[in-house]
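To start, the structure itself, in structure tokens.
The values are calculated or read from the model by the stated rules, or taken from the named source; none is laboratory data. Keep in mind that this is a model prediction, so the values were computed, not measured. Cβ: placed from backbone, ideal geometry, glycine included. Neighbour counts: every protein chain shown. Please note that ligands, DNA and RNA were not included when accessible areas were found on the heavy atoms of the full protein model with its side chains. Shrake-Rupley method; radii C 1.70, N 1.55, O 1.52, S 1.80 Å.
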Amino acid sequence: VHRLDRDTTGVMVVAKTNQAHFALATQFQERTTRKEYLVLVEGEPDLDGDVVTHPLGRSIHDSSKIVVDEGAGRPAETRYEVLERFEGFAYVRCLPKTGRTHQIRVHLKSIGHPVVCDPVYGRRKRLTLSDLGAVAPGSADERTLIERQALHAHRLSIFHPVEEETVTYESPLHEDMAGLLE
């Protein structure tokens, strides 16, 4: 019914019938679903929360990348809220209104706080204990904490086409993100 970026963990909805698929796809198209993502970002945002509304479009230099395109981009909106701040990082909740390709990743990068370990839009491809200053680089205790973008689809609310009521599905944080937070 919908998609998640590669290496994003979390909840997804799958339809069992064509009728259910149509009803659910319509909800995503009409933006009546409520999506909540949990994200670890590089740096600490100045604001405790805000709404990013930069229009998004394909890069003319690399069609696999999405960029902020004020001229020809499609409207996109992501509300974010800082849940916790760490030295050089922040734990953020994102509530995208639209569902553009790579939307959260590009919007967070556009405000100077890319998703931790985002291989396309981020600053690094992996995060280690020494990157956090917990051990000396090259020490015997060195280990990688995460090697994928720290982006998790935590909660999704939809109007269930069979039960005819709003239902909410949640997915606990993947162990790599939970371990990184600890």
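Given the structure, is V106 surrounded by 22 or more Cβ atoms within 10 Å (Cβ to Cβ), among the β-branched types (V, I, T) and over 23 Å from H2 (Cβ atoms)? In short, no. Inspection of region 116-129 identifies at least one residue that is open to solvent by less than 50 Å² (accessible area, probe 1.4 Å), at pLDDT 95 or above and touching a Phe, Trp or Tyr at 6+ places or on another chain (Cβ under 8 Å).
Among the residues of region 84-97 satisfying the criterion of being surrounded by 14 or more Cβ atoms within 10 Å (Cβ to Cβ) and over 14 Å from the mean Cα position of the chain (by Cα), which is nearest to L108 (Cα to Cα)? Per the criteria, the residue is F89.
Among residues of region 44-80 being open to solvent by 20 Å² or more (accessible area, probe 1.4 Å) and β-branched (V, I, T), the one that is nearest to E165 (Cα to Cα) is V51.
With respect to V41, determine if the residue is of a type outside the set (S, T, N, Q), in a strand (DSSP E or B) and surrounded by 13 or more Cβ atoms within 10 Å (Cβ to Cβ). Spelling it out, V41 is indeed of a type outside the set (S, T, N, Q), in a strand (DSSP E or B) and surrounded by 13 or more Cβ atoms within 10 Å (Cβ to Cβ). In this structure, R105 does not qualify as among the basic types (K, R) and more than 14 Å from A153 (Cα to Cα).
Does Y80 satisfy the criteria of being assigned to a loop (DSSP other than H, G, I, E, B), of a type in the set (F, W, Y) and over 30 Å from A20 (Cα atoms)?
No; evaluated as a whole, the condition is false for this residue.
Can you name every residue in region 18-38 that is open to solvent by 60 Å² or more (accessible area, probe 1.4 Å) and either assigned to a strand (DSSP E or B) or touching an Asp or Glu at 6+ places or on another chain (Cβ under 8 Å) (or both)? Passing the criteria: only R34.
Quick grid of which residues meet (1) touching a Gly at 6+ places or on another chain (Cβ under 9 Å); (2) modelled with pLDDT under 95; (3) within 30 Å of K97 (Cα to Cα):
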site: A134; (1), (2), (3): no, yes, no
site: P137; (1), (2), (3): no, yes, no
site: D141; (1), (2), (3): no, yes, no
site: I158; (1), (2), (3): no, no, yes
site: V167; (1), (2), (3): no, no, yes
site: S171; (1), (2), (3): yes, no, yes
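Screening T101 on (1) surrounded by 20 or more Cβ atoms within 10 Å (Cβ to Cβ); (2) within 13 Å of the chain's Cα centre (by Cα); (3) within 26 Å of A25 (Cβ to Cβ) shows it passes everything except condition (1).
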